[in-house]
Amino acid sequence: MEVTRLISVFDLRTERLVEEINIDHIDFELLKKIFKPPSSDPLMYNPFDITEKEIRQLKKILNIEFDTSLYHYDLDCYQKPKSEEDEKGRMSSDEIQNLWRKVMREYKVGQLVKGKVIRHENFGIFLDIGEGKIPGYVDIINISDEEFIGRSGFPPIGQKVEGVVLVLRDCKVNMSLKKSHIGGSLC
């Protein structure tokens, strides 16, 4: 899996994402020295809060100013989008409609579905739930039964998970990973 790494910049007051800075040009081994990932995440797929110590090290190699009085910084990892050459495999509108009909036949609200985490966003995660073409979406409030989890509580990219279908609408499969939902309260 090819990935891209970004520094995500969030406004402390509104908690909104204000900028993403691509840092793919930084050698991965150097990033590992700066962030010291845990043995459970040696490829640094999970998000990292960027601390003052890491900011000092990043300032030496990046030409950007960090202002921790106004912004919070995270190191994030995303699966790289396909290249233009891969666009040949892009689906037509008829293929999308056929795929959506298949989804509507195969998936029902309340059904347990297995998938693989393919992307983290500030608002939730995306899953591949079928053939690399069917995306599932899990809103941040449906990832865990815990009252609040941040991005650091998301399942890692590439991890297989099981969830329950909440909504099928507008070519979207919205799901929940909450144990209280999977346990049958929606079925």
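Applying a threshold of 6 Å to beta carbon distances and a minimum spacing of six or more residues, or different chains, the list of pairs starting in region 42-60 at a residue that is surrounded by 12 or more Cβ atoms within 10 Å (Cβ to Cβ) and ending at one that is hydroxyl-bearing (Ser, Thr, Tyr) and not in a strand (DSSP E or B) reads 47/152.
Residues in region 7-18 include at least one that is surrounded by 13 or more Cβ atoms within 10 Å (Cβ to Cβ) and at pLDDT below 85. Given the condition on the phi < 0 side of the Ramachandran plot, modelled with pLDDT of 80 or more and outside any helix (DSSP H, G or I), answer yes or no: does some residue in region 85-92 qualify? There is no residue in region 85-92 that is on the phi < 0 side of the Ramachandran plot, modelled with pLDDT of 80 or more and outside any helix (DSSP H, G or I). Can you find even one residue in region 13-21 that is touching a Phe, Trp or Tyr at 6+ places or on another chain (Cβ under 7 Å), free of Cβ contacts under 8 Å to residues at least 24 places away in the same chain and either within 23 Å of residue 150 (Cβ to Cβ) or not in a strand (DSSP E or B) (or both)? Within region 13-21, one or more residues are touching a Phe, Trp or Tyr at 6+ places or on another chain (Cβ under 7 Å), free of Cβ contacts under 8 Å to residues at least 24 places away in the same chain and either within 23 Å of residue 150 (Cβ to Cβ) or not in a strand (DSSP E or B) (or both).
The values are calculated or read from the model by the stated rules, or taken from the named source; none is laboratory data. For clarity, every value in this text was computed on a predicted model and none was experimentally measured. Cβ coordinates were reconstructed from backbone atoms using ideal geometry, including for glycine residues, and neighbour counts include every protein chain displayed.
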